[in-house]
Structures are given as C-alpha cells and as structure tokens.
Amino acid sequence: MTRLSHFDAAGHAHMVDVSDKPATRRVAVAEGCVIMSPATLALVTEGRADKGDVAGIARLAGIMGAKRTADLIPLCHPLPLSRVALEITPDPALPGLRLTATVATTGPTGVEMEALTAVSVAALTVYDMLKAAQKDMAITGIRLLRKEGGRSGLFEASASPPTDPTP
C-alpha cells in the first residue's frame, strides 16, 4: 500500500515539508457538471436568470476559490498561482453546465487541489444563482482530469469517470 504523505510515522496528520523540492511548472485540470432541467438551462443560455450572468459570476467565484484553497483545505500549501481559467459550457445533452478549471504555478508542489476547488466553488455558485428556479439540481462528476509537473510527472484520467461503488 502506498504511504500517505499527510500522515507521519505515528499516524498523525501533518503538513508535508516541500522545502527541499525544486520549483517546477505545475498544471492541473479538473472538471465537473451541474445537471439541471432544460428550462433552467435555458435561463442560463438565454441570459434570463434573476441573479444575472450565471456563467460569468461562477467563473469569478471559481477563480477566487482556487486562490483561497489553502484557507479551505487544512493541509494544502498556499501557492502563488500564475493561471486560473474556467470554462463553463452549456450542454443540452446533460442537460446542464460542464465546468473545466485549469490552474498553473511554478512551485514545489502541485495545484490539483486548486483546480478541484475552482470547479467545486464554481458549481456551488451556479447552484446558488439558480436555486430559486430549481432546487433539485445535481453537482456531479468532479474529478481531476490531468496534472503535469513534479516528481510524479504526468497523470491523465481515463476517458470515463469511475463508477459509484455504492449500491
């Protein structure tokens, strides 16, 4: 079994020491979806949501969330982010919105958590902005798609997300 780096030899949680790791370019891409009814999606695509530009505000919220990841996830290192980009794309086939975050830095540790946080905060913002129209929207499929840089190198997720093991 792989040793988890956030636990010391006694099994206590601790922040990983990255002071001896070289600063290299690190990039992570994460995705997620907000599934909603076609009528709710139309509010977004037609610009009729009561609270305003859903995708634009969710994009800003995701960027802000990525920048605050170390404040939200206890053992994350605060990192100087050089790029945070969010794509929010309507997908009538879901129906809903697909969210993709790309985060980059040059540092001693990766930005996977920042990309995942960006997608999560953006998805929660979409929910908040549309909850008056539909309360049973689903936030789903949040996962890491790709990470590059650092000691472990390149990771790319499989084309299909893992299935839910619960019956």
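The values are calculated or read from the model by the stated rules, or taken from the named source; none is laboratory data. Just so we're clear, the structure is a prediction, and the values are computed from it rather than from any experiment. Quick reminder, even Gly has a Cβ in these numbers, built from the backbone with ideal geometry, and neighbours come from all protein chains shown.
What the table below lists for this structure:
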read-out	value
The listed residue being in contact with a Pro (Cβ under 6 Å, 6 or more places away or on another chain), on the phi < 0 side of the Ramachandran plot and either crowded, with 19+ Cβ neighbours inside 10 Å or part of a helix (DSSP H, G or I) (or both), out of Ala70, Ala66, Ala122, Ala115	Ala70
Given (1) surrounded by 19 or more Cβ atoms within 10 Å (Cβ to Cβ); (2) in a helix (DSSP H, G or I); (3) out of contact with any helix residue (DSSP H, G or I) (no Cβ under 8 Å at 6 or more places or on another chain), index of the condition Ala39 fails	(1)
Residue within segment 90-102 that is surrounded by fewer than 21 Cβ atoms within 10 Å (Cβ to Cβ) and touching a Ser or Thr at 6+ places or on another chain (Cβ under 6 Å) present	yes
Unmet requirement for Glu112, which otherwise passes all of (1) free of Cβ contacts under 8 Å to residues at least 12 places away in the same chain; (2) of a type in the set (D, E, K, R); (3) under 25 Å from Arg25 (Cβ atoms)	(1)
Filtered residue count, segment 42-65, keeping only those that are farther than 18 Å from Leu86 by Cβ and of a type in the set (A, V, I, L, M)	2
Total residues in segment 18-47, condition of a type in the set (D, E, K, R) and under 24 Å from the mean Cα position of the chain (by Cα)	3
Residue identified as of a type outside the set (Ser, Thr, Tyr), free of Cβ contacts under 8 Å to residues at least 40 places away in the same chain, in contact with a Gly (Cβ under 7 Å, 6 or more places away or on another chain) and under 20 Å from Met129 (Cβ atoms) among Leu86, Leu99	Leu86
Conditions (1) in contact (Cβ under 8 Å) with a residue 24 or more places away in the chain; (2) out of contact with any Asp or Glu (no Cβ under 7 Å at 6 or more places or on another chain): number failed by Pro78	(1)
Boolean, Ala85 is in contact with a helix residue (DSSP H, G or I) (Cβ under 7 Å, 6 or more places away or on another chain), among the small types (Gly, Ala, Ser) and within 21 Å of Met113 (Cα to Cα)	no
Matching entry among Leu4, Leu75, Leu94 (being assigned to a loop (DSSP other than H, G, I, E, B), more than 16 Å from Asp128 (Cβ to Cβ) and at pLDDT 95 or above)	Leu94
Check on Ala133, surrounded by 15 or more Cβ atoms within 10 Å (Cβ to Cβ), farther than 19 Å from Phe155 by Cβ, among the aliphatic types (A, V, I, L, M) and without any contact (Cβ under 8 Å) to a residue 12 or more places away in the chain	no
Residues of segment 112-163 satisfying the condition of being small (Gly, Ala, Ser) and under 12 Å from the mean Cα position of the chain (by Cα)	Ala115, Ala118, Ser120, Ala122, Ala123, Gly141
